[in-house]
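The values are calculated or read from the model by the stated rules, or taken from the named source; none is laboratory data. Keep in mind that this is a model prediction, so the values were computed, not measured. Positions of Cβ are backbone-derived with ideal geometry, glycine not excepted, and every protein chain shown enters the neighbour counts.
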Amino acid sequence: MTSSADDADLLQRIARQDQLALRTLIGRHHVRLYRFLLRLVRDEAMAEELANEVFMEVWRNAGRYEGRSQVGTWLLSIARNRAISRLRKRRELGWDEDAAAEIADEDDDPEVTTQKRDKAAALRRCLEGLTVEHREIIDLVYYQERSVSEVAEIVGIPENTVKTRLYYARKKLSELMLVQGVDRGWP
Amino acid sequence: MNEEMMQLNEREEIEMLVPFYVTGRISTSDALRVETYLKQNPDFAEHIELARDERAATAAVNEALGFPSARATDRIFEQIASEPQPLLSRTLKESRGLLATVRDFFTAPSPVAVRYAAMAAAAVVLLQAAIVGTLMTRSGGPETGGFEVAGGPKEQAANAPSALVAFQDGATLADMTRALKDVGATIVEGPVQGGFYRIRFAPSKSGAEDAPTRIAALKAQQNIVKTVLPSR
């Protein structure tokens, strides 16, 4: 992770229309932001477009950053709001029944049967089968490496809900693994 | 069961902390709770392993998503270039603020010390404005909003030698700016795929082709620069 002090310094420079500072900020956060968006919207072109919108918003409004949260958290928060707004337009938010069904339906494929023996591969497949809501919380904690309070800020839910939602996401993961033939021994 | 309504026993409470424990994004007191519980219940190590597996799988899933296209960053700067130039308008606005400050200095019924302080501040702003103006004139980049005749500095710059450079992860903006300034280079594009920036060297005063020397000098700053690749 990048230093939050460095990022805050970059934002001050961006507020003074320093393009090199914006390039540096993009270099630091673009990939993670793009992947976060892509996991939410599942459309590469849309994820890229939304990431660009986030950086344009930063360019225009860097002066409004108050330093209450880490810059990375602020960027993810902007990104999430934009993704949800776009998804609402497409009415795609909610349980991802297709992805869950996909996992259950692939039982007869010999290649998939082989994959099932590989616990790590099965885990990766099951992560894809979670709902958008559960995928998001897992990504924010494990990949974006955000704390409870940061996830609460990004998602706009109480800290206790962050913990319980993550708990249920992990339980769901165990259920999907069981369907894949892997008993994780928890819960 | 509703997310907020869950009744927890001690083990479940600790299980909820484990993902944050394995990423290290946890308070000291919560980390201590996990470790104390682990000491009392050695079998709990298996649950921590489960969370570590989940973290590794999540990282693998995300990393398999690839990268945004190299054109994505270019589009941001194209959009910025197509928007009104806020830097110029800001500079003008600051100039108006400066004039107002000077006017106030002569009209406001403030103590002499305050007036001198205001005058000193005005001088600093004037100096900064002069520096900004000089940099803008020298750089001749699109951000200046200026124009040049054919064969002018912009055209010379387009023919100047360039290179691709990647900076060390810990390098600060100040480090990068200084390293580039030392070799007379400016960033003209990036970051492109692989985290590289395209830089362009200002023409040398003697007119000699000294790009290899400057690239070597840049490479020597190993605490700031990771890689430099010659390019045209």
**Message:** Restricting to segment A:165-184, give me the number of residues that are facing another protein chain (nearest Cβ under 7 Å) and either in a loop (DSSP other than H, G, I, E, B) or more than 20 Å from A:Ile137 (Cα to Cα) (or both).
**Reply:** 1
**Request:** Among the candidates A:Arg39, A:Arg68, single out the residue that is buried (at least 20 other Cβ atoms within 10 Å of the Cβ) and charged (D, E, K, R).
**Result:** A:Arg39
**Request:** Say whether the condition of being among the hydrophobic types (A, V, I, L, M, F, W, C) and facing chain A (nearest Cβ under 7 Å) is met by at least one residue in segment B:29-42.
**Result:** no
**Request:** Return only the number of the condition from (1) of a type outside the set (A, V, I, L, M, F, W, C); (2) within 12 Å of chain B (Cβ to nearest Cβ); (3) on the phi > 0 side of the Ramachandran plot that A:Gly67 does not satisfy.
**Result:** (2)
**Fill in**
Quick count over segment B:60-81, residues being in contact with a His (Cβ under 9 Å, 6 or more places away or on another chain) and within 30 Å of A:Arg125 (Cβ to Cβ), is 3
**Any hit, segment B:71-84, residues being surrounded by 13 or more Cβ atoms within 10 Å (Cβ to Cβ), outside any helix (DSSP H, G or I) and not assigned by TED's automatic domain parsing to the domain that holds B:Leu17** = no
**Item:** Failed condition for A:Ala51, given (1) within 10 Å of chain B (Cβ to nearest Cβ); (2) more than 25 Å from B:Glu189 (Cα to Cα)
**Value:** (2)
**Contacts under 6 angstrom Cβ, first residue in segment B:174-195 being at the interface with chain A (Cβ under 9 Å from one of its Cβ atoms), partner hydroxyl-bearing (Ser, Thr, Tyr), 6 or more apart** = B:Ile187/B:Tyr197; B:Gly190/B:Tyr197; B:Pro191/B:Tyr197
**Complete:** Checked segment A:18-41 for anything more than 20 Å from A:Glu145 (Cβ to Cβ) and touching a residue at least 40 places away in the same chain (Cβ under 8 Å); matches are A:Val41
**Request:** Starting from segment B:34-54, keep only residues that are under 17 Å from A:Arg124 (Cβ atoms), then list their pairs with residues that are assigned to a helix (DSSP H, G or I) whose Cβ atoms are within a distance under 6 Å, requiring at least 6 positions of separation or different chains.
**Result:** B:Ala51/B:Val18; B:Ala51/B:Pro19; B:Ala51/B:Val22; B:Arg52/B:Val22
**Fill in**
The number of residues in segment A:128-146 that are assigned to a loop (DSSP other than H, G, I, E, B), surrounded by fewer than 21 Cβ atoms within 10 Å (Cβ to Cβ) and within 10 Å of chain B (Cβ to nearest Cβ) is 1
